[in-house]
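The values are calculated or read from the model by the stated rules, or taken from the named source; none is laboratory data. Remember, predicted model here, so these are calculated numbers, not experimental data. Positions of Cβ are generated from backbone atoms using ideal geometry, with glycine treated the same way; all protein chains shown enter the neighbour counts.
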Amino acid sequence: MRIYAIYNIKGGVGKTTTAVNLGYLAAEAGLRTVLWDLDPQGAASFMFRIKPKVKGGGKALISGKRPLDDAIKGTDFDNLDLIPADFTYRNMDLLLDDAKPGGRPDDAPGGKPARRLSKLLAPLADEYDAVFLDCPPSVSLVSENVLHAADTVVVPLIPTTLSVRTLEQLAAFVGEFKGFRPEIFAFFSMVDRRKKLHREIIEQLAAPRGDVARTIIPSLSVIESMSVWRSPVAVIAPGNAAAKAYRALWAELRAREGLASS
Amino acid sequence: MAPAMAGFIVDGTDPQTWDDIVAAALAALGEEFTVTPEPAAPARPGTAADGLSQRATWYDTFDWRLSKAGVTLEYVPGRGGSELRLSSAKPDADADVTQPVAGWQPSRPHLIGDLEGGPVGARLASLVAMRALIPVAATVTATAAYRLLNSDGKTVARLLVDQPAVTGPQPGPLPPRLAVAEVRGYQAQARRAVRLLTAVTGLSAGARPLFADALRLTGRRPGDYSNKVDAEISADMPAAGAAATILLRLLDTIDANGGGVLADIDTEFLHDLRVSVRRTRSALKLFGDVLALTAEELECYAAGFKWVGDLTTPTRDLDVHLLDFPGTVRSLAAARPDDLEPFRAYLEGRRRREFRVLTRGLRSPRYAALTQEWRARLSKIQQERAGSATGRRNRAGHRYQPPGGSARVLAAERTRAAFVKVAKRGAAITPDSPAQDLHDLRKRGKELRYALEFFAPLHEPGAYANVVGDLKRLQDCLGEFQDTEVQIEEIRSIAAAMLAAHEAPAVTLLAMGEVTAGLAARQRAARADFERRFTAFADVAGQRRMAALLRGGTA
């Protein structure tokens, strides 16, 4: 089972669209896939027409009172399931901190609360080949958990100076991890090639950095219309440039991992 | 992630009605869900769907060995690989095994050797033995899938509508099957869909095997062939009617096996045909007189069936050699297995030649005339002598007595006579008696065995089993004694023929000599066992058991 965390400290960079589209493409390639919508806004759940509600809320899941398995919902697509968002996820930091075993204070960086998500996901290994975590934008215990759980951190970047800084911050943070460190796979999203700044930043950043993908996701209206159609772009418009771009991104990600994309 | 399924089968036999019931089912679901066709049918869990339709072929031996053992063998082709699936009717998951196959021709019979090296082959080898696996039913199923959407447009369950049809010589549609497939996390909605379908008139909940439906359409029934006599006779039938019924049943078995013999599907078609011919000849001897045929007619039919028996003997003898060959090779002590290869090649070549002679005979006008005329005569006798022999009264009010009496009387008289012959001849055999005396006793024993089998429905089952069990053990002993002698003689004559044809290397002749030595040892052992077997069958207790059987009770 391979865990992909779709993460950026910034919001509005296309994390959910990335999680939904890559999750769909993984399932289409035959990987048994589950997407966990960790964002209390529940955008990914909305995209799959699944109510953003978990029985017992986030507390029951994080504490282990209710197995993760119980919360899983089938999407309309073969091989693709979803663990819905819940409004209580807004307090997930607190939930993760409360869930530390025996109630002992253990708040050292990378300590047990930071690995709670990893533990919760472990039982899914028999059932799924790929897990996508759609993360809320923040730097918190949730994001620390996500980064510790992930094999690959997929980072959508809008080509702006600030966005590039966040990638550097993230790389530095992950670089401090003891033991296993996830791979970072960043890519430019919502790119408008008519904008000079976008073109310049892509040229500046893509060449020297090994963790930035060659594939670029353009800013196209069909991606925005995903929330209208509530489906991945490969379903709404399979021949569209956006669908092709996401396929290329998935192929590049798998190639980077030394795995076939289909 | 495999969804649970709940199944329904459309009732009735009219395809037009079936369409209406499926439409009613969709309408019922439409009251609660938005029902929309799925663009491409999802593969059912555990099936190898090709996206459009699913083919399946089921196999059994001609004598239904798989069905009797409670197992089903299904061939399912698939793009990703075809496979054979062996499943058990019993709720025992361990019994279900699959075996991938390549280049499998579904419409042809297959011998167990075609499945060698796989788990299905290993599981079936001893059950199927020398019999071929014959396709008994084949279907093609088109599946239409529908999504059941909630008010958010989310798929919360799926409805799969299977439209199966039998393919092959007797094609035809089968009742559609509906299944509700759960979507994970939406069990309540799937249950609701099931409840809606349960209320649809003309839909029955259940999971009858598709194989059963396909068989029914083709007019087949598991167990519709058996080489047992099982004639439908009763004690009060007129003797002639019972005799004709028994002989017609034997003729049915002869006819049922003819096609399999000519197509050379497996060796047992010829074996069963021969057994029925032999039984026919014995029946003519035992009770041919009650059929009210002229002596010339009786003689003519007896000669006809002797001709058929003789026609089949060379091929059957060679079949026995070839079937025994693996065991013969294993029994070699000094010779190497390869030494016998020229012997096997010679046997196979000779079998091909003899088989051509056999098929010419079975396709000849003489054979057709014999069997057709025989059937016509027997059917006429059966019709004329149907009904009960007792209870009817003539004009003068006297109880009607048909010529030859009732089946009960016939069974008792003729079985007793056959038993007396066996008992007398067996008692006369001493350690110094020539082999021919034992061979003659075996023939008389066969006649007795057949007499018992013909009239089995009239006997008390427990008493019958006791008598037949003892007789079978005696016959096995006499059979071993005679068959080994015949085989020794045959091997000697084959050795001479091979030598004359310059097809006999010295090592092969030596190995054949070793085989005959082994056979001779078995023959001596059978001879030594004879007295014990005969005593068990025909001593005072044995005679009492037989008398009780013929009286209609137990000793």
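Within region B:216-233, residues that are at positive phi and assigned to a loop (DSSP other than H, G, I, E, B) have Cβ atoms under 8 Å from residues that are small (G, A, S) and buried (at least 16 other Cβ atoms within 10 Å of the Cβ) in these pairs: B:G223/B:S67; B:D230/B:A456, counting only partners at least 6 apart in sequence or on another chain. Those strands (runs of 3 or more DSSP E) of region A:147-227 in which 3 or more residues are of a type in the set (V, I, T) occupy A:152-157, A:212-218. With respect to A:G11, determine if the residue is part of a helix (DSSP H, G or I), away from chain B (no Cβ under 14 Å) and farther than 17 Å from A:A122 by Cα. Criteria not met by A:G11. For region B:182-197, the set of residues classified as more than 14 Å from every other protein chain (Cβ to nearest Cβ) and touching a residue at least 24 places away in the same chain (Cβ under 8 Å) consists of B:R192, B:A193, B:V194, B:L196, B:L197, listed by residue number. On inspection, B:R131 fails the criterion of being outside any loop (DSSP other than H, G, I, E, B) and charged (D, E, K, R). The set of residues in region B:283-328 being touching a residue at least 60 places away in the same chain (Cβ under 8 Å), of a type in the set (G, A, S) and part of a helix (DSSP H, G or I) consists of B:A283, B:G304. In region B:463-480, the residues that are surrounded by fewer than 18 Cβ atoms within 10 Å (Cβ to Cβ) reach residues that are of a type in the set (F, W, Y) with C-beta atoms within less than 8 angstrom, at least six apart or across chains, in these pairs: B:R473/B:F537. So, of the residues in region B:279-312 that are crowded, with 20+ Cβ neighbours inside 10 Å and within 21 Å of the chain's Cα centre (by Cα), which turns out to be farthest from B:R414 (Cα to Cα)? Once the filter is applied, the top-ranked residue is B:T312. In region A:69-89, the qualifying residues are those that are more than 9 Å from chain B (Cβ to nearest Cβ) and part of a strand (DSSP E or B), and the one that is nearest to A:V34 (Cα to Cα) is A:L80. Restricted to region B:329-348, and to residues there that are surrounded by 15 or more Cβ atoms within 10 Å (Cβ to Cβ) and among the hydrophobic types (A, V, I, L, M, F, W, C), the residue that is farthest from B:E297 (Cα to Cα) is B:A335.
Starting from residues that are hydroxyl-bearing (S, T, Y) and not assigned by TED's automatic domain parsing to the domain that holds B:A451, keep the ones in region B:219-248 and report whichever is farthest from the chain's Cα centre (by Cα). It would help to see each step written out before you state the result.
At the first step, the residues of region B:219-248 found to be hydroxyl-bearing (S, T, Y) are B:225-226, B:234, B:245.
If we keep only those that are not assigned by TED's automatic domain parsing to the domain that holds B:A451 too, we end up with B:225-226, B:234.
On the way: B:Y225: 6, B:S226: 5, B:S234: 25 Å.
Checking each candidate, the answer is B:S234.
Condition check ((1) within 14 Å of chain A (Cβ to nearest Cβ); (2) in contact with a Ser or Thr (Cβ under 7 Å, 6 or more places away or on another chain); (3) within 26 Å of B:L29 (Cα to Cα); (4) not in a strand (DSSP E or B)) across all residues:
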residue: B:T139; (1), (2), (3), (4): no, yes, no, no
residue: B:Y146; (1), (2), (3), (4): yes, yes, yes, no
residue: B:D152; (1), (2), (3), (4): yes, no, yes, yes
residue: B:L160; (1), (2), (3), (4): yes, yes, yes, no
residue: B:L178; (1), (2), (3), (4): no, no, yes, no
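Among the residues of region A:27-46 satisfying the criterion of being within 14 Å of chain B (Cβ to nearest Cβ) and within 16 Å of A:A243 (Cα to Cα), which is surrounded by the fewest Cβ atoms within 10 Å (Cβ to Cβ)?
A:E28
Within region B:349-378, the residues that satisfy the criterion of being at pLDDT 95 or above, exposed (fewer than 14 other Cβ atoms within 10 Å of the Cβ) and not basic (K, R) are B:V357, B:S364, B:P365, B:A368, B:A369, B:Q372, B:A376. Among the residues of region B:487-508, not a single one is part of a helix (DSSP H, G or I), touching a helix residue (DSSP H, G or I) at 6+ places or on another chain (Cβ under 8 Å) and closer than 30 Å to B:G241 by Cβ. Consider region A:48-68 and keep the residues that are out of contact with any helix residue (DSSP H, G or I) (no Cβ under 7 Å at 6 or more places or on another chain) and outside any loop (DSSP other than H, G, I, E, B). The one that is nearest to the other protein chains (Cβ to nearest Cβ) is A:A60. Entry remark, region A:231-255: residues being assigned to a loop (DSSP other than H, G, I, E, B) and either crowded, with 19+ Cβ neighbours inside 10 Å or away from chain B (no Cβ under 14 Å) (or both) number 5 in total.
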